[in-house]
1. Report the net charge of residues surrounding residue 89, where surrounding means a beta-carbon distance below 14 angstrom and charges are Lys +1, Arg +1, Asp -1, Glu -1.
2. Test of understanding: ordering 127, 393 by Cβ neighbours within 10 Å, fewest first, what list do you get?
3. For the pairs 246/324; 43/324; 43/149, note any where the Cα-Cα span goes beyond 31 Å.
4. Within segment 124-181, list the trypsin sites (Lys or Arg not before Pro) lying in a DSSP loop whose Cβ has at most 14 other Cβ atoms in a 10 Å radius.
5. Which of 191, 96, 83, 129 has the fewest other C-beta atoms within 10 Å, and how do the rest follow up to the most?
6. Once the piece of chain linking residue 162 and residue 249 is laid out straight, how much longer is it, given 0.36 nm per residue of separation minus the C-alpha distance between them?
7. For the chain, which DSSP H helices look membrane-span-like by this rule: Cα extent along the axis of 27 Å or more and mean Kyte-Doolittle of at least 0.0?
8. What 222 nm value per residue comes from the helices of the chain, counting each DSSP H run with n ≥ 4 as -39,500 (n - 2.57) and dividing by all residues, nearest 500 deg cm²/dmol?
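Every number in this text was worked out from the coordinates using simple rules, so none of it is lab data. Just so it is clear, the model here is predicted, and its values are computed rather than measured. As a convention, Cβ positions derive from the backbone with ideal geometry for all residues, glycine included, and neighbour counts pool all protein chains shown.
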Amino acid sequence: MTAILHVLDHSLPLHSGYSFRTRSILDAQRARGWSVSAVTSSKHESSWKRDTPSVEEIDGVRYYRSGPSPANRLPFAGERALIDRLARRIAEAAAIERPHLLHAHSPVITALAGLSAGGKLRLPVVYEIRAFWEDAAVDHGTYASGSWKYRLTRAVETWACHRVSQITVLCRGLEEDLAARGIPRDRMVIIPNGIDPEQFAHAVPDEEYRARWNLGGRRVAAFLGSFYHYEGLDLLVRAYARLRSKLSDLALLLVGGGEMERDLRDLVQELGLADGVIFAGRVPQERVPGIYALADVLVYPRYPMRLTQLVTPLKPLEAMATGKALVASDVGGHRELIQDGLTGVLFRAGEVEALVETLGRVLGDPAWRRSLGEAGKAWVAAERSWQRTTAPYADVYARATGSAAASERKAVAL
């Protein structure tokens, strides 16, 4: 039985796209009969902000926690302490779980800790890149694109990629970027986002939420996800303001929360849209399919930047699985998922007029919306189930353990 120790930034019970992807990967691997366990970095505790046991079992998987790491104001000193603490916890977990390999999931801190521990334990390291840390830091305002911190973080990522046994990436955009840095393509495999089609395929409208949000008899444009700046929700609010004059029954449903929520609420008040924009907040994960079913169209207006050009999001797949029409900006991450005019409709990123025109056309044509939804649902069911998207891990792990065994035999021979 293959045994994998996953090395994570954070995990459930924290709710995030990162956590949900991780859970789905681990569930799919367990269904294959593999033994899986996980170690989380100190960032889990700093985000959870509650007492956390040193070992926690969730959905049949053991998570070894690293414990909080003390703050340090010196540049990168805190990150170094976090890496050292995580490497020690990996070694402690490995002594119990006896894994065949370590599977580190971005950011690069997990790969560095994995390489440190893996070198001592003689375990190969697979590194999964879901996004580049430096690009996310730019969007969050941590540092500027092209700054010395940005360049250093990028250099460290490249260094780690040259030293791990195998690399998996979320999408083609990340693969192309790494190939341009000299990472061999034969060491990279795309493991795209997936979903459980059955979870969404038979969704029915959540009538309790319909009544609570006063959506009865209204057309609904919706967004579900995190309220980050790069998601372009301010653009969506401005487009809604223009569409309301033509579509008086239109409501804009925003489900989730995050750093942009206060600014979005202020914008809604400024534009006089309080009676039409619903801030639903975060909702239980099990009720998400019923919320998708309330919408006529799902909108993903991401702004163009490195992060959105390179990385594919998960939420459009969920919307497709419920048979809903999509309108999305034409950033690279969306172009990898959506066939324009067939499984969704793309508009020019960052342009409010383009969003107004495209969203208006889709809302005004029920037959086209149904066609888009049906095509998207069929594509997701055929191509993006977790069972299908995670299947390549078997070959990735075989190559990682095989190359590690070959290296060990060579070292013995020398």
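1. That sum, taken over residues with Cβ under 14 Å, equals 0.
2. Fewest-to-most ranking of 127, 393: 393, 127.
3. Pairs exceeding 31 Å: 43/324.
4. Sparse-neighbourhood loop trypsin sites (Lys or Arg not before Pro): 181.
5. 96, 191, 83, 129
6. My answer for the length gained is 25.8 nm.
7. Taking the DSSP H segments of the chain (at least 27 Å long, mean hydropathy at least 0.0), we get 77-97.
8. Calculated mean residue ellipticity at 222 nm is -14000 deg cm²/dmol.
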